[in-house]
1. Considering only region 71-80, I want to know if a residue exists there that is of a type in the set (Ser, Thr, Tyr) and closer than 23 Å to ALA157 by Cβ.
2. Taking region 134-181 as the region of interest, how many residues are within 23 Å of THR92 (Cβ to Cβ), surrounded by 14 or more Cβ atoms within 10 Å (Cβ to Cβ) and of a type in the set (Gly, Ala, Ser)?
3. Give me the residue from region 128-154 that is free of Cβ contacts under 8 Å to residues at least 40 places away in the same chain and charged (D, E, K, R) and, out of that set, nearest to ALA189 (Cα to Cα).
4. Please enumerate the residues belonging to region 73-110 that are surrounded by fewer than 23 Cβ atoms within 10 Å (Cβ to Cβ) and assigned to a strand (DSSP E or B).
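FYI, it's all coordinate maths here, none of it is from the lab. Everything numeric here is computed off the predicted structure, so don't read it as measured data. Note that we place each Cβ from the backbone using ideal geometry, even for glycine, and neighbour counts take in every protein chain shown.
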Amino acid sequence: MQRLHLSIDGSLETGRLRSYSIGTMNSGFYVSAAAGLMSVLLPLSAQVRRSRCVKPPKASAGATADARGFVGAAFRTNADGSKYECFYIRPTNGRAEDQLRRNHSTQYISFPDYEWNRLRTETPGKYESYVDLVPGKRTRLKIVVNGTKAQLYVNGAAQPVLIVNDLKLGDTTGAIALWVGVGTEAYFADLRVSH
């Protein structure tokens, strides 16, 4: 059984590699997705790597008005990126005026067979939840994976905001990836991975 602890002070998200840019900023780095979803596989070992958070995520230039700024982390990513598990947040949903939209602030997906729309249709509310997110502010994420279970913690909370007891890829191994949705410019820092 693989136990993984991923902690990010900043923001994360995952997807298909299309058009993106990666650059460094002070002690962190940013990722921007121009089209489609994208992932950046991290060359990480079990070693702790630290830096400080630079800036919160934001809609990229030219993003549509309804861009939510999806940002998260994928884990158990296979070699070609065609399969992975992922937790991500939707920062603009956290304080939306619509309660249903608030309830979609966090999300679990398992690509390619269990994307958000399938999970929401077949099991409403099971793989997403509410968490108080403030657009434009840094968000600290912590993902704990143990066997076929995973938990998402946000902003240092003692309790997880989303619990998945049936990871769709099973008890597998794989790489870690940063995940950014369409129209999102995300900044990542203070990334730590431990086993």
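1. no
2. Selection size over region 134-181: 2.
3. By that ranking, first place goes to ASP132.
4. Scanning region 73-110 gives a single hit, SER110.
Residue by residue, here is whether (1) within 18 Å of TYR84 (Cα to Cα); (2) free of Cβ contacts under 8 Å to residues at least 12 places away in the same chain holds:
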position	(1), (2)
ARG102	no, no
LYS126	no, yes
GLY156	no, no
GLN159	no, yes
LEU169	yes, no
